[in-house]
Amino acid sequence: MSRVSMFSSPLLLGFDQLERTLERLAKNAEGYPPYNIERIGDSGLRITLAVAGFTSNDLAIELVENQLSVRGKQTDDTDRVYLHRGIAARQFQRAFMLADGIEVIGAQLDNGLLSIDLVRPQAEPRIRTIRIDSSPQGGADKTIDITARRTGSR
């Protein structure tokens, strides 16, 4: 039995990388730490992760190509003697795929909440004229211009 891809339509050209990215993110859909994503103004976004117990030295934020990764690693304090340990030193990794053009502008840790601010620049419509050359075998040499329009509005 073969697997049918949601991007198998011949009208969706070049989306194979997007499909692989979605599959990878679905595999890493762990529930910890919980997070919010909110819109800030017209072009801003904020990701807020609940990272209680982590210090800024325990956290790392890395942007590789379009993947934003947040990692947390706590070290056990060997000097403490626990009678009951219900709060474990826990590691995590949370990944977010960012669209082209989204920039990370900063991060802040406050009261156990890690906020990462992003900005999405407003995309301007791009219009490009494509020249079509007629074949030399067809007789008359005619050039037809078509206009391809791409808008960034959502």
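The values are calculated or read from the model by the stated rules, or taken from the named source; none is laboratory data. What you see is a predicted model, and the numbers here were worked out from it, not measured in a lab. A quick note on method: Cβ atoms are made from the backbone with ideal geometry, for glycine too, and the neighbour counts reach across all protein chains shown.
Quick look at the values:
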item: Selected residue (only one of LEU18, LEU11, LEU63 is modelled with pLDDT of 70 or more and in a strand (DSSP E or B)); result: LEU63
item: Every pair of residues 6+ apart whose Cβ atoms lie under 6 Å, when the first sits in the range 71-89 and is farther than 12 Å from THR55 by Cα while the second is among the aromatic types (Phe, Trp, Tyr) and part of a loop (DSSP other than H, G, I, E, B); result: none
item: Pairs, first over 17 Å from LEU68 (Cβ atoms) in the range 16-35, second modelled with pLDDT under 70 and outside any helix (DSSP H, G or I), C-beta under 8 Å, six or more apart; result: ASP16/PHE7; GLU19/SER5; GLU19/MET6; GLU19/PHE7
item: Residues of the range 107-135 that turn out to be part of a strand (DSSP E or B), surrounded by fewer than 10 Cβ atoms within 10 Å (Cβ to Cβ) and among the hydroxyl-bearing types (Ser, Thr, Tyr), as a count; result: 1
item: Selected residue [among the basic types (Lys, Arg) and at pLDDT 90 or above] from ARG90, ARG126, ARG131, ARG85; result: ARG131
item: Residues located in the range 21-39, provided they are at pLDDT 75 or above, out of contact with any Ser or Thr (no Cβ under 9 Å at 6 or more places or on another chain) and either surrounded by 11 or more Cβ atoms within 10 Å (Cβ to Cβ) or part of a strand (DSSP E or B) (or both); result: TYR32, PRO33, ARG39
item: Residue satisfying condition, being surrounded by fewer than 14 Cβ atoms within 10 Å (Cβ to Cβ), modelled with pLDDT under 85 and within 27 Å of ARG20 (Cβ to Cβ), within set GLY152, GLY138; result: GLY152
item: Test: residue in the range 98-106 that is in a strand (DSSP E or B), under 25 Å from ARG20 (Cα atoms) and not β-branched (Val, Ile, Thr); result: yes
